[in-house]
Protein chains: 2
Amino acid sequence: MPAKNVLYAQSGGVTATINASACGVIETARRNRARIGHVYAARNGILGALDEDLVDTSFEPATAIRALMHTPGGIFGSCRYDLPPLPQGLAHFQRLAAVFRAHDIGYFFYNGGNGSAETAHQIATILPHLGQPVISIAIPKTIDNDIVGSDFSPGFGSVAKYVATSLREAMADLASMANSSTKVFVMEVMGRYTGWIAAACGMALPAGEDGPLLLLVPEVPFNRRQFIAAVRSRVERHGWCAVAVAEGICLRDGRRLTQAGGDGIPGHEQLGGVAPLIAAMLRKALGVKVHWSVLDYVQRAARHLASKTDVEQAYAAGRSAVEYALQGHSDVMPVFRRNGGLPCRWQIAPASLTRIMNREKRLPRSFLTADGYRLTAPARRYFAPLIRGEAWPPFSDGLPVHARLRLQPLRRHLQSGWQTPAKTKI
Amino acid sequence: MPAKNVLYAQSGGVTATINASACGVIETARRNRARIGHVYAARNGILGALDEDLVDTSFEPATAIRALMHTPGGIFGSCRYDLPPLPQGLAHFQRLAAVFRAHDIGYFFYNGGNGSAETAHQIATILPHLGQPVISIAIPKTIDNDIVGSDFSPGFGSVAKYVATSLREAMADLASMANSSTKVFVMEVMGRYTGWIAAACGMALPAGEDGPLLLLVPEVPFNRRQFIAAVRSRVERHGWCAVAVAEGICLRDGRRLTQAGGDGIPGHEQLGGVAPLIAAMLRKALGVKVHWSVLDYVQRAARHLASKTDVEQAYAAGRSAVEYALQGHSDVMPVFRRNGGLPCRWQIAPASLTRIMNREKRLPRSFLTADGYRLTAPARRYFAPLIRGEAWPPFSDGLPVHARLRLQPLRRHLQSGWQTPAKTKI
């Protein structure tokens, strides 16, 4: 019996290091040619699998696959799409079974977060009932660091390093200007439901330094009066104050600040961006010049400043997924466990997807001081190992070089096409 | 006669490499101890000189001065403040003459942009009439790249490299998501009056590649209808489109887009940020998901991704200023000239401040295609050498290490204090 093929796909918001996991999958599969056939990749996540829009990575030279280690974004395309559950999703699973059968897929690796873990679980458990047994494994990836059962998530260490570095640099700028110009700088980072990234901004201050930096996370209700007083006291004492804010911070009633409007100007919520709201609030309350920044995609794509630790972990997640598959594991995700301490000592273990999917790990309250604005020592011990080490990409003519793949389309075998449902997550 | 002392000060918006110029001044002065006494620095630019708020850099070890090469912000503090012209500014110049006399200042180096060049010129030409002759030299520094008479400005190459890199990375992210999610990404960069930084974003596309990236600069009036059509055609053809926009883009009538409101929602102009306006416009017109980013201080502080060429040029600007002073030049700025070609071959020459100050070099129209949205080949030839080379700072525990100076205050000699005028530029 010839070796079964692999189907790999990327899902959800991409990261600076998701392609390192792709590299881990492909290189490990190539090292096991006796037991694994081709590595195919779906274009645009599970949507490409449904559409039979696949590429054959066998045509990529080893150097191109290696270049994935320093290439941000999702090289095969990602998607925001959940498979509908049974019974209404039956046609989807029948279609996937047909595609898998047509291309002799024995292993499915889905590289994503909590939601994608459910997709991997559905495929692991439903396709065997449709006559198409498959080993299905979720590979963890999320800048949000919210995967339950894993000490941390590949993708997070790099964004944490980037935002802490950027804020440390911007604070040096702000401190220079504060005497006669800008006194407050507000930096907005990602995090709709969790404050992991905003909290990591606290690493911008060296350990033991009580500098003028306030953190705002979704886990701590935003109190306008207290916050303004806290900024005022920093400006009075230090001459300036920096604020790192997660996009999803909420009022005590649970409404997001961007929905609530902040300063009551209608329409602001459409624009998105909590930093300009906070800035307008402080400008009005304190009468000082305020600058603000919204990093958005720039932060999660910043492969030029990836954490070496994170790159290694992302690769290891992909490699472990293939190794688990060869050991017969299915319906699992390789998750990370570690001891405290530096350098980061971590190990990977398979965890059942039903214990992971569609759950969310929030920032522990113990990571912030009682006022909610500053990091505690346990938080620093948690973040420190994850941001360690640099993994500079190669540069050419002053700019980073990214992988260029051939992305050779796989010949379609199925007669009928598949209409991608219009409904996608926004 | 003992050697005269130096007074160095930093002015205007700071950059990732202004401290490299400070390093150039201090190291060059230390190599000329026979002819130059102490190097003093004013806190917060000319305001510190007026306040007699000075530090003595002699107490800083050579390693700390060297660390300025990789430290963003302005280590001595900057200011946004113009000296009032004569006759009403007479008291200011008398005060400066008294401070310079008290500390035996024979050389004044003012590190800033077009406005700061006027301050240096005033000091060079007025203080001699007040019995305090001084050699006064402006050292160029501005991310805006708008200094007249200089082929480029220290500080610009680094911000250009950073924004082009960040956009290249974010485009990789966007391309991954576009199939089922975000189709447009708008990145706002600095540039109130000139489009140098926004144009440099065009380097995100490799040469010869006609990718879906549109540039919006203040020099080209914004045409809403044409712009929306341009984005629509890119999204239809490529599946996605990226936009780099300078904060100061204007309508044909000269009003800034942020003042005009963009989509007519009152109050938006207070928030600043043209990217959210553009994003809201595109979301409404095209009905697609749009992400946006405002980099603000993060871009000009990003020393972690400085251009090696820029760091060298910033150092050379500081070194040349001291050399010119020793040659007896005053009322000048070291400006840069170069031949085309790679690697960048440049030389420095003294230029008279009256030909530089308060003027502004705008982006040549020839740098953009007829539609105003894309870079031309001459533009690429201009930008390419400036962003070349990496100059990674040292990292410790995953974060960049910045210089820590003692900033030893100089004992005040003057009896009377100086009330800093409240009026500062915003």
Residue-span extension gain [residue B:255 to residue B:407] - 0.36 nm each, minus C-alpha spacing
50.3 nm
Could you check the simple spin-label distance between residue A:30 and residue B:284, using points 7 Å along Cα→Cβ, in nm with one decimal?
5.1
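Counting DSSP beta bridges with both partners in the range B:156-300, what percentage is antiparallel, nearest 5?
The antiparallel proportion sits near 5 percent.
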Shortest first and in nm with one decimal, please list how far the residue B:409 label point sits from its counterparts in the other copies (point 7 Å along Cα→Cβ).
7.3
Average beta-carbon neighbours from other chains, 10 Å sphere, peptide B:76-83:
4
Quick one: if you stick a label point 7 Å off each Cα along the C-beta vector at residue B:419 and residue A:380, how many nm between them?
4.4
Per the helix-only calculation at 222 nm, which mean residue ellipticity applies to the protein assembly as shown, given -39500 (n - 2.57) for every DSSP H run of n ≥ 4 and division by its residues, nearest 500 deg cm²/dmol?
-10000 deg cm²/dmol
Lys pairs, chain B - Cα-Cα below 29 angstrom, 8 or more residues apart or on other chains:
16
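Counting other beta carbons within 10 Å of each residue's own, what order do B:360, B:188 fall into, fewest first? Working shown, then result.
Details: B:360 12, B:188 29.
By the 10 Å Cβ count, ascending: B:360, B:188.
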If labels are modelled 7 Å from Cα along the Cβ direction, residue A:133 lies from its partners in the other copies at nm distances, smallest first, of 9.7
Can you list, shortest first and in nm, the gaps between the label point of residue A:396 and those of its counterparts in the other copies, using a point 7 Å from Cα in the C-beta direction?
3.7
Give the average, rounded to an integer, of partner chain Cβ atoms located within 10 angstrom of each Cβ in A:286-296.
5
Closest-to-axis residue of chain A (Cβ criterion, axis taking A to B), whole Å:
A:294, 2
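Could you compute the FRET efficiency for residue B:209 and residue B:236, with r as their C-beta to C-beta distance and R0 at 22 Å, rounded to 0.05?
Values: r = 18 Å, r/R0 = 0.84.
Efficiency, rounded to the nearest 0.05: 0.75.
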Rounded to the nearest 0.05, FRET efficiency between residue B:360 and residue A:355 (Cβ-Cβ, R0 51 Å) equals 0.25
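Would you mind telling me the antiparallel percentage of the DSSP bridges in chain B, rounded to 5? Each step should come with its number before you reach the end.
Working: 16 of 48 bridges.
Of all bridge pairs located within chain B, approximately 35 percent are antiparallel.
Quick check on the protein assembly as shown: of the DSSP beta bridges with both residues there, what percent are antiparallel, nearest 5%?
Restricted to the protein assembly as shown, the bridges split so that about 35 percent are antiparallel.
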In degrees rounded to 10, the 0-90 angle between helix B:90-102 Cα long axis and the longest Cα principal axis of chain B is 60
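Just checking the output field for B:397-406: average partner chain Cβ neighbours within 10 Å of each residue's Cβ? Show your work: numbers first, answer last.
Numbers: counts 10, 18, 13, 7, 2, 5, 1, 1, 0, 0.
What the average comes to for B:397-406 is 6.
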Residue A:347 label point, 7 Å along Cα→Cβ, cut-off 12 Å on backbone N: hits in the range A:311-340?
A:337-339
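Values quoted throughout were computed directly from the atomic coordinates according to the rules given, and no laboratory measurement underlies them. Model, not experiment: these values are computed from the prediction. Here Cβ is always computed from backbone atoms with ideal geometry, including for glycine, and neighbour counts include all displayed protein chains.
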